[in-house]
Every structure is written in structure tokens, then in C-alpha cells.
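J.: Before anything else, here's the structure in question.
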Amino acid sequence: MTIKSDKWIRRMAESTGMIEPFEPGQVRAVDGRKVISFGTSSYGYDIRCADEFKIFTNINSTIVDPKNFDSNSFVDVKSDVCIIPPNSFALARTIEYFRIPRDVLTVCLGKSTYARCGIIVNVTPFEPEWEGYVTLEFSNTTPLPAKIYAGEGCAQVLFFQSDEECETSYKDRNGKYQGQQGVTLPKA
């Protein structure tokens with residue numbers, strides 16, 4: 001298995017639609033204002049979160065159960081920024097839609113800009129032949145409210161290509177998160 005470079009990422013995105021919309025370079029400013037960088041990096045792709053957020057709330061004092069998740073545990077917010085309460089978390093989705101090739105596995109990691117502020121993005125793989133918008137989880141590990149910016153870089157995806165195709169892909173298994181469109185809650 002080898003990590004793939006910016007040239008490979010650009011070629012795959014442009015020829016197969018692996019990432020849409022796709023930014024071939026590293027963007028650090030939009031309309032003259034600084035942004036947290038997004039787009040193609042040396043050995044990865046810096047993704048952006050959309051303006052749709054689900055902010056965790058304990059107002060209903062329910063138990064967090066991944067097999068029976070109560071959607072009332074979230075407040076839906078559509079905004080250019082998301083304020084995550086202290087010691088809490090929010091879900092968001094990427095602007096980019098992914099189509100992962102059958103011989104590729106990705107790992108999504110948080111960006112250091114957010115990590116240095118105590119905002120952690122859950123590490124997650126995109127399995128071979130998975131496709132959809134990525135649901136991201138941002139944890140605010142600080143005792144203060146924390147801000148996430150929609151439309152700006154929030155995590156990096158690294159691409160690993162195998163010497164051979166996998167025997168059974170995420171698509172073959174009819175994975176429960178295949179083709180997800182919005183911010184997707186846990187499914188049992």
C-alpha cells in the first residue's frame with residue numbers, strides 16, 4: 001500500500017469524479033479574506049465543512065446510545081459558523097462528495113489549526129467503494145465555547161492505494177452509510 005501524492009489526487013479527481021467539487025490547489029484566501037486552508041496538499045486533500053450542523057445538547061437528559069440514538073439530542077443549525085458548547089461536540093458534513101476507488105482506503109484526520117485550539121476531528125476511514133458526503137464530528141475539549149467555520153478547511157484526507165483490489169468493498173457489503181447526503185446520525 002502506498003500513500004498517494006497531489007498529482008495522483010488531481011488526476012483521480014479530474015478523471016473519475018473522486019472528489020466533487022474539487023480544488024486542485026491549496027486555497028488560503030477567498031475574496032481577499034484569510035481562510036483555514038482547503039484543497040489539494042502534498043499528500044492529501046483538505047476538506048471543508050458545509051453550513052449544516054447538528055450541535056449536541058443535553059436538554060432532554062437522554063442516554064447516548066449508538067444503537068438507539070435520539071435525534072432530539074441535537075439542535076440543527078444552518079450558519080457560516082458553528083459554536084460548540086464547552087466539553088461538547090457537533091456534527092457537520094463536507095462540502096465535497098467522495099467516490100472512493102475499489103483499491104483505495106482513506107484516513108481522515110483533523111487539521112492542526114483546530115487541534116491547537118482543543119477542537120478535535122474524529123479520525124475516520126473512507127472504505128473502498130464508499131461514496132457520499134462525509135459526516136464529521138468535532139469535539140470541543142475545552143471549558144470554553146469553540147467556533148467552527150463553514151466553507152473552510154477542517155480536516156485532511158490521506159489516500160492509500162493497495163497493490164490489489166479488495167475482495168469485498170463497502171459497496172459490496174451494502175454499508176449502512178453508503179451514499180449519505182446530509183449530516184447522518186449513527187445507525188445500528
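J.: Full-extension gain between residue 79 and residue 165, please, as 0.36 nm times their residue separation minus the C-alpha to C-alpha distance.
T.: So the chain would gain 26.9 nm between residue 79 and residue 165.
J.: OK, next. At a Förster radius of 22 Å, what calculated FRET efficiency corresponds to the Cβ-Cβ distance of residue 187 and residue 122, to the nearest 0.05? Spell out each step's value before the answer.
T.: Values: r = 16 Å, r/R0 = 0.73.
Computed FRET efficiency for residue 187 and residue 122 comes out at 0.85.
J.: Return, for the Cα atoms of the range 137-176, the radius of gyration and Dmax in Å, separated by a comma.
T.: Answer for the range 137-176, Rg first and Dmax second: 17.4, 47 Å.
J.: With N set to the number of residues, divide the alpha-carbon radius of gyration of the range 62-102 by 2.2 N^0.38 Å and report two decimals. Could the numbers behind the result be given before it?
T.: Details: Rg = 14.1 Å, N = 41, 2.2 N^0.38 = 9.0 Å.
This ratio for the range 62-102 stands at 1.57.
J.: Something else now. Which cross-chain or sequence-distant (5 or more) residues have an amide H under 5 Å from the amide H of residue 41, H modelled 1.01 Å from N in plane?
T.: 46
J.: Helix 6-16: angle to the longest alpha-carbon principal axis of the chain, degrees 0 to 90, nearest 10?
T.: Roughly 90 degrees, rounded to the nearest 10.
J.: State the answer as a single residue: which of 16, 47, 35 lies farthest towards the positive end of the charge dipole of the range 1-49, with beta carbon charges of +1 for Lys and Arg and -1 for Asp and Glu, about the Cα centre.
T.: Most positive-ward Cα: 35.
J.: Taking the Cα centre as origin and putting +1 on Lys and Arg beta-carbons and -1 on Asp and Glu beta-carbons, what dipole magnitude results for the chain, to the nearest 20 debye? Numbers along the way, then the final one.
T.: Numbers: 21 positive and 24 negative charges, 104 e Å.
About 500 debye.
J.: How far is the Cα center of the range 168-188 from the Cα center of the range 63-107, in Å?
T.: 14
J.: State, as an integer percentage, the relative contact order of the chain based on alpha-carbon contacts under 8 Å between residues 6 or more apart.
T.: 28
J.: Taking R0 as 25 Å, what FRET efficiency do you get between residue 72 and residue 147 from their Cβ-Cβ distance, rounded to the nearest 0.05? Write out the running numbers ahead of the final one.
T.: Working: r = 24 Å, r/R0 = 0.98.
With a Förster radius of 25 Å, E is 0.55.
J.: Could you give me the ³J(HN,Hα) list for the range 84-93, computed from phi with Karplus coefficients 6.51, -1.76, 1.60 and θ = phi - 60°, whole Hz, x at Gly and Pro?
T.: Along the range 84-93, the couplings run 8, x, x, 6, 9, 8, 9, 10, 8, 10 Hz.
Since every read-out is calculated from the coordinates, none of them should be taken as a lab result. Values in this document were obtained by computation on a predicted structure and should not be read as measured data. Here the Cβ is made from the backbone with ideal geometry for all residues, glycine too, and neighbour counts use every protein chain on show.
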